[in-house]
1. Short version: what are the Cα gyration tensor semi-axes of region 245-399, square root of 5 times each eigenvalue, largest first, in whole Å?
2. Excluding Asp276 itself, calculate the net charge of residues whose Cβ lies under 11 Å from the Cβ of Asp276, where each Lys or Arg counts +1 and each Asp or Glu counts -1.
3. Using alpha-carbon positions, what is the distance between the centroids of region 375-394 and region 238-263, in Å?
4. If I take the Cα coordinates of the chain and project them onto the principal axes, what are the three extents in Å, biggest first?
5. Give me a comma-separated list of calculated 3J(HN,Hα) values for region 158-172, in order, Karplus coefficients 6.51, -1.76, 1.60 applied at θ = phi - 60°, integers in Hz, x for any Gly or Pro.
6. Counting other C-beta atoms within 10 Å, and keeping those with at most 13, which DSSP coil GluC sites (Glu not before Pro) do you find in region 314-399?
7. At 0.36 nm per residue, and after removing the present C-alpha to C-alpha distance, how many nm does the segment from Tyr263 to Ser328 gain when stretched out fully?
8. In terms of modelled amide H atoms, which long-range or inter-chain residues lie less than 5 Å from the amide H of Thr80?
Amino acid sequence: MQKLCILGSTGSIGKSTLDVIRLHPEKFDVVSLSAHSSVDLMLAQCIEFRPKTVVMVSIEHANVLASKLLAASINDINVTSGTCALETIAQDIGTDTVMAAIVGASGLLPTLAAVKAGKKVLLANKEALVTSGAIFIDAVKQSGAQLLPIDSEHNAIFQCLPLNAQQQPGYCDLADNGVSKILLTGSGGPFRTWDNQALEHVTPAQACAHPNWDMGRKISVDSATMMNKGLEFIEAKWLFNVDPEDIQVVLHPQSTIHSMVQYKDGSVIAQMGNPDMRTPIAHALSFPQRIESGVAPFDFFTAKSFEFQDVDYIKYPNLKLAIDACKSGQGACTALNAANEVAVDAFLNEKIKFTDIAKINETSVNKFVSEKVTSIEDVVALDRNVRIFAQSLVSESEH
Ligand code: NDP
Ligand code: MG
């Protein structure tokens, strides 16, 4: 039995992970779960999966959960709270595998704790890698942790790579293994066919209605601005140890191909299927074996079309910002991620316009681009400073 910790079990990825696990009770044992404050869903997950430990980051919500568990006559689950408790469950000796599915840079320290403890780490939390880059990958190398990508594009790329590269994510030389390019696909989000002027008036509900994927609110907005593809560009650089010049973004509105790898002999290997996160989750949970995920098989005869387009960087300034940040260095990437989290939150709370997100991100990156980031303490300090700055920009642009 694989012993699992799921960080962010009440989120979109967390729930899909439990959906896959539910199909294979003989293979997986849920040892620990975490959430921020979703008490009722966590209560239901506790009743069904009986973890040993649960972390609710918010202490008030931890107390409410503890009393609801007692009322349900469940007294063998240890309920803890606070961010340090996340690190404790992530590195616990009784856990083999950690699903890193907290949203945003809040997932960095617990994910890194799992890496340092040498766990099998299933990485959904792309912001953790974007914000710490080489520091994260060096920790993987040092501990020998097994890193498996959950992001559908990176999981697809991983599946298309030669075995040699799969065994050493982050530090295999892909050119030595015949790879010439990583082709990162993206749907273009809900506004691909909109007039650029109309983007000024986008509402949070419109931005969260992704045409192909059902996801948490933050990543849905990132998909609409294509910052998500930008974060994925940076994520790909680190996960696959490639230069930005060797990654190409390809718009593919149907999201059937989840990404591709081009080889120097002209071959292109693509991974495809229905857009459902249970496929990459099942792949990573069982790697190198294959298990059922609950996803319907892809039907080529009902697929309407199969299109590919170049990217319009005027429509998607955030993607351009992220590619430039990737080329500039860690200070720019950490700053961009922090500013974006603040801006997206402000947009979701209707404090700023959709188009203000890119402006806040750009001003923040320009201010912090030359900051040196060589330790995790540097990451945490820069992340904090950028958030304060970006928050001041939000206040200036509030409407
Ligand atoms: P959700 O918003 O749906 O879920 C986030 C999870 O993290 C919830 O369990 C939430 O708890 C918890 N959480 C929120 N804030 C904090 C915090 N400050 N500290 C600790 N825990 C917190 O996000 P998604 O599942 O959509 O995304 C999770 C990660 O996976 C992101 O990094 C995203 O980029 C990545 N990803 C997601 C995909 C998807 O299809 N959803 C696809 C590819 C990558 P609570 O419920 O209590 O708020
Ligand atoms: Mg993705």
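Computed from the coordinates by the stated procedures, all read-outs in this text should not be read as laboratory data. Treat the numbers as computed from the prediction; the structure is a model and nothing was measured. We place every Cβ from the backbone using ideal geometry, glycine too, and count neighbours over all the protein chains shown.
1. Numbers: eigenvalues 245, 77, 64 Å².
Square roots of five times the eigenvalues give 35, 20, 18 Å.
2. Numbers: positive: Arg278; negative: Asp19, Asp214.
It works out to a net charge of -1.
3. The two parts, judged by their Cα centres, are 29 Å apart.
4. 57, 52, 45
5. Once θ is set to phi - 60°, the couplings for region 158-172 become 4, 5, 8, 8, x, 3, 3, 6, 5, 7, 9, x, x, 9, 8 Hz.
6. Details: sites: Glu341, Glu350, Glu362, Glu371, Glu377, Glu396, Glu398; in loops: Glu350, Glu371, Glu398.
When the GluC sites (Glu not before Pro) of region 314-399 are filtered for loop state and at most 13 Cβ neighbours within 10 Å, Glu350, Glu398 remain.
7. Numbers: separation 65, 0.36 × 65 = 23.40 nm, distance 2.68 nm.
Stretched out fully, the Tyr263 to Ser328 stretch lengthens by 20.7 nm.
8. Residues meeting the amide H criterion: Val54, Val55, Met56.
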